[in-house]
Amino acid sequence: MTIIASLVIVVDQVLRAYAPEISKQLSVFVGLIITNCIVLGRAEGFAMKHPVWPSFLDGIGQGLGYSLILVVLGRHPRAHRFGSLWGFPVLPLVSEGGWYRPNSLMTLAPSAFFLVALIIWAVRTWKHDQQEQADYRIQVVHRTETQ
């Protein structure tokens, strides 16, 4: 999966340099291919260590979770640009007598990273078993020298 994702990135960069029009048309699909490699790699890693039924349930759960994240990340910029989600006002705009002034910074692609970070923080706060435990012990390595 890593090899496929790497080759797709290399082909995308070559197309961007030598065929920019084709690169523009294929740009959406490059991200999808790389994302699918990540999802399939994770599913394959789980399935290699578990029987069929738990692997099936894991795949269903991962698919639903991934779909939920895509919906949240896809709708997030719309709420910040227009103040509404699916046509329902969420943030009252200043132009309509409200308090919210549209924030164009949050409509850019990097804002998705901030949103993902907030989602991870919320899940790890809610479910303490999702937190990683740091190991701060210093390990001393003893070497014996042969003479």
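The values are calculated or read from the model by the stated rules, or taken from the named source; none is laboratory data. This is a predicted model, so every value here is computed, not measured. Note: ideal-geometry Cβ built from the backbone for every residue, glycine included; neighbour counts use all protein chains shown. Areas reflect the complete protein model, heavy atoms only, side chains present, ligands, DNA and RNA absent. Shrake-Rupley method; radii C 1.70, N 1.55, O 1.52, S 1.80 Å.
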Taking only protein heavy atoms and a 1.4 Å probe, the highest-to-lowest accessible-area order of 24, 127, 49 is 49, 24, 127
In the chain, taking the dipole from +1 charges on Lys and Arg beta carbons and -1 charges on Asp and Glu beta carbons about the Cα centre, the listed residue (117, 9, 34) farthest towards the positive end is 117
In degrees rounded to 10, the 0-90 angle between helix 52-82 Cα long axis and the longest Cα principal axis of the chain is 40
Hydrodynamic radius by Kirkwood for the stretch 36-102, inverse mean 1/r across distinct Cα pairs, in Å, is 14.5
Over the chain, the sum of -39500 (n - 2.57) across DSSP H runs of at least four, divided by residue number and rounded to 500 deg cm²/dmol, gives at 222 nm -22000 deg cm²/dmol
With Cα coordinates, the longest principal axis of the chain makes an angle with the long axis of helix 20-47, in degrees rounded to 10, of 50
Per GNM of the chain with C-alpha springs under 10 angstrom, the most fluctuating residue out of 100, 18, 66 is 18
For the chain, the Debye formula with one identical point scatterer on each Cα and no solvent gives log10 I(q)/I(0) at q = 0.17 Å⁻¹ as -1.18
Reported to the nearest 10 Å², residue 88 has, with a 1.4 Å probe, an accessible area equal to 140
With Rg from the Cα atoms and Rh as the Kirkwood inverse mean 1/r over Cα pairs, the stretch 1-59 has an Rg/Rh of 1.19
With Cα springs under 10 Å, the Gaussian network model of the chain assigns the largest mean-square fluctuation among 116, 71, 28 to 28
Listed residues 122, 17, 109; largest mean-square fluctuation, Gaussian network over the chain with Cα springs below 10 Å, found at 17
When the charge dipole of the chain is computed with +1 at the Cβ of Lys and Arg and -1 at the Cβ of Asp and Glu, the Cα pointing farthest to the positive end, of 77, 55, 133, is that of 77
